[in-house]
Structure formats: C-alpha cells, structure tokens
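Enquirer: Dropping the structure in here first, questions after.
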Ligand SMILES: NC(=O)c1ccc[n+]([C@@H]2O[C@H](COP(=O)([O-])OP(=O)(O)OC[C@H]3O[C@@H](n4cnc5c(N)ncnc54)[C@H](O)[C@@H]3O)[C@@H](O)[C@H]2O)c1
C-alpha cells in the first residue's frame, strides 16, 4: 500500500513539474489510466486491512477507528481572495482596478502593444512583491488534505503561494508571475525571478513577455481543468468573484451530486442543495472545511 502511495505521489509531482500544457495533459491522462488499474487493488488492500483490524479488535487489542475510505478526488478552485491575507490585493475589491491600473492597460494584448514598458513595469512590481509575501493559513491548510485525498488545485492566481505552502498538484489557469515566455514560440517558457525589460530576448532573438494569460487570450490549461473538475468528488471554491471566464464556468463541469463548498466573504453565488456557502475569509473558512473533511 505504501509503495502505491509513494508511486502515486511521484506521478502527481511529475505532472506538476511538467512545464508545458501538453506534457501536463499527457501526464494527467497516464496517471488516470494507471489509477483506473490501481484503484481496485488499493480497495482490495484497504479491505484486507479493514478485515485485519476487525479480527484484531475481536481479539481485543486494536480499536477500529477508520471506515473504508477509497481515495477521493478533491478539486479546489482558488482566486485572488485566497492570497489576500498574505498581502496581495485582489482587484474586484479595488473597484475593478488591479493595483491602480485598468486591467486592459496591463493585462491585454492591446495593452502590451500600446505600452510594453508599462506592462513590464507592472509585472516586475508584482514579481518583486511576491518575493516579500508568504503563504497564509488557508494555503497551508489545503496541503493537509493531501494526507487523505487526491487533491488538485486549479488556481486563477499567478502567484506561487500554493506551491510554496507545499501543495503538489497545482494548475495555473492564468499563468505564472515567476515565468516568462517567448513571443515567437509560446511553448518556450522560462523560469524568471527578477525584472524583465525590453531587450530581454529568447534564443530566437524574440522579446520575452510575462507568462500570463491576458484578457482575450486562450486559456491553454482549460481542457485539463475541465477534465479534473469532472472527476471531482468534492469541490471547494475559495476567494473568487466568479467574474472571469472561462474559469468561472468550471463549476458547471462538476457532477450534479458533487458537494461544493464556496468560501468568500462576499459570495457571488447562492447556496443550493449541494452547494454550501461560508461567507468568511479564506483563513477561517478553509480551516472549517478541512477539519470537517479530515474528520
Ligand atoms: N494573487 C494573484 O495572483 C492575483 C491577484 C489579483 C488579481 N489576480 C488575477 O485577477 C483575476 C481576478 O479574478 P478572481 O476572481 O481571482 O479575483 P477577484 O479580484 O475578481 O475577486 C476576489 C474575490 O476574493 C474575495 N476575497 C477578498 N478577500 C478575501 C479573503 N480574505 N478570503 C477569501 N476571499 C476573499 C472577494 O470577495 C472577491 O470575491 C484572476 O484571473 C487573477 O489572475 C491574481
């Protein structure tokens, strides 16, 4: 059993560290087909373990505390709100401005064409700010879920706070602040921790740009995010205004009966039979849900 868990975790790590969308997708599909084969075996092993515990208990030297618990998929969709208590501003809370800027100035292909220096300066500031903040309790509490569940985090955030907290399976729908990519070849993505300036070129002598999905651009990780959401046994949505599409539409891909927890001090949606709302900050709301799930 422990060999399977180690193997499973290694597959998840490989999937996360794959740098391109294509590689991530292939790793995800392989991991799923392997899971299909392994799950019956895992369940059989759990069952054996369960029977062993019963017979031990009958002999009076082991108390049964666990029930059979096949690995369940928890999918977590996060937005800017989960990073607010780390000190990174959201933008809906600032009247639709992102750090004082109209998003179309700094987060659109037109903005980049009109004033690339302003755009680079904007992301340079966001990148240096990122080096000064740390994950908060909500990021950290989500990591604890990995002890018991298959956890996939689909984030709209461009910060790396989930990774720094220790989450192993994070998909960035809208790109990453700490990466840049070639304008000539969008598959050419580089790690980038310092400022990016005009004249920083890729190996094809083309200007590098922030690895951010701007408004009006395709969202390459969306298909993978949909596949993962469709397999959710439990869905958590944290700190998002549900205004940015296609990310906001992911909720529609969860199976009808899937329990959904929505955590946001100003929730943008209403409760339903399977959707419960915690109108509070991420640090307190996530702790409550995680405690409930870990029992
Ligand atoms: N940290 C980041 O990476 C960051 C920061 C700002 C904007 N963005 C980008 O802007 C887009 C914004 O969409 P969005 O829906 O993610 O954010 P948003 O700014 O549209 O909405 C933020 C949401 O967070 C909630 N919120 C505020 N404080 C909270 C707290 N302490 N705990 C929980 N929730 C809290 C608000 O009520 C709101 O619903 C994203 O695509 C993202 O790429 C990213």
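The values are calculated or read from the model by the stated rules, or taken from the named source; none is laboratory data. This one's a predicted model, so the numbers in the text were calculated from it and none came from an experiment. Here Cβ is always computed from backbone atoms with ideal geometry, including for glycine, and neighbour counts include all displayed protein chains.
Enquirer: Only residues that are within 16 Å of the ligand (Cβ to nearest atom) and surrounded by 18 or more Cβ atoms within 10 Å (Cβ to Cβ): list them for the stretch 252-266, please.
Expert: Across the stretch 252-266, the qualifying residues are 260, 261, 262, 263, 264.
Enquirer: Going through 151, 133, 119 one at a time, which residue ends up being within 14 Å of the ligand (Cβ to nearest atom) and either touching a helix residue (DSSP H, G or I) at 6+ places or on another chain (Cβ under 7 Å) or assigned by TED's automatic domain parsing to the domain that holds residue 228 (or both)?
Expert: 133
Enquirer: Check whether at least one residue in the stretch 136-145 is in the same structural domain as residue 282 (by TED's automatic domain parsing), more than 15 Å from residue 76 (Cα to Cα), crowded, with 19+ Cβ neighbours inside 10 Å and in contact (Cβ under 8 Å) with a residue 24 or more places away in the chain, and report yes or no.
Expert: Yes, that holds for at least one residue.
Enquirer: A further question on this structure: Would you mind telling me which numbered condition in (1) more than 7 Å from the ligand (Cβ to nearest atom); (2) within 18 Å of the chain's Cα centre (by Cα); (3) touching a residue at least 24 places away in the same chain (Cβ under 8 Å); (4) assigned to a loop (DSSP other than H, G, I, E, B) residue 245 fails?
Expert: Among (1) more than 7 Å from the ligand (Cβ to nearest atom); (2) within 18 Å of the chain's Cα centre (by Cα); (3) touching a residue at least 24 places away in the same chain (Cβ under 8 Å); (4) assigned to a loop (DSSP other than H, G, I, E, B), the lone unmet condition for residue 245 is (3).
Enquirer: Further question on the same structure: Take the residues of the stretch 168-192 that are part of a loop (DSSP other than H, G, I, E, B) and within 16 Å of the ligand (Cβ to nearest atom): which is nearest to residue 148 (Cα to Cα)?
Expert: 173
Enquirer: On to the next question. For the stretch 136-148, give me the residue count where each residue is in contact with a helix residue (DSSP H, G or I) (Cβ under 6 Å, 6 or more places away or on another chain) and under 23 Å from residue 219 (Cβ atoms).
Expert: Matching residues across the stretch 136-148 total 1.
Enquirer: Still on this structure: Only one residue in 228, 212, 237 is away from the ligand (no atom under 16 Å from the Cβ), under 16 Å from the mean Cα position of the chain (by Cα) and buried (at least 19 other Cβ atoms within 10 Å of the Cβ). Which one?
Expert: Only one candidate passes the filter, namely 228.
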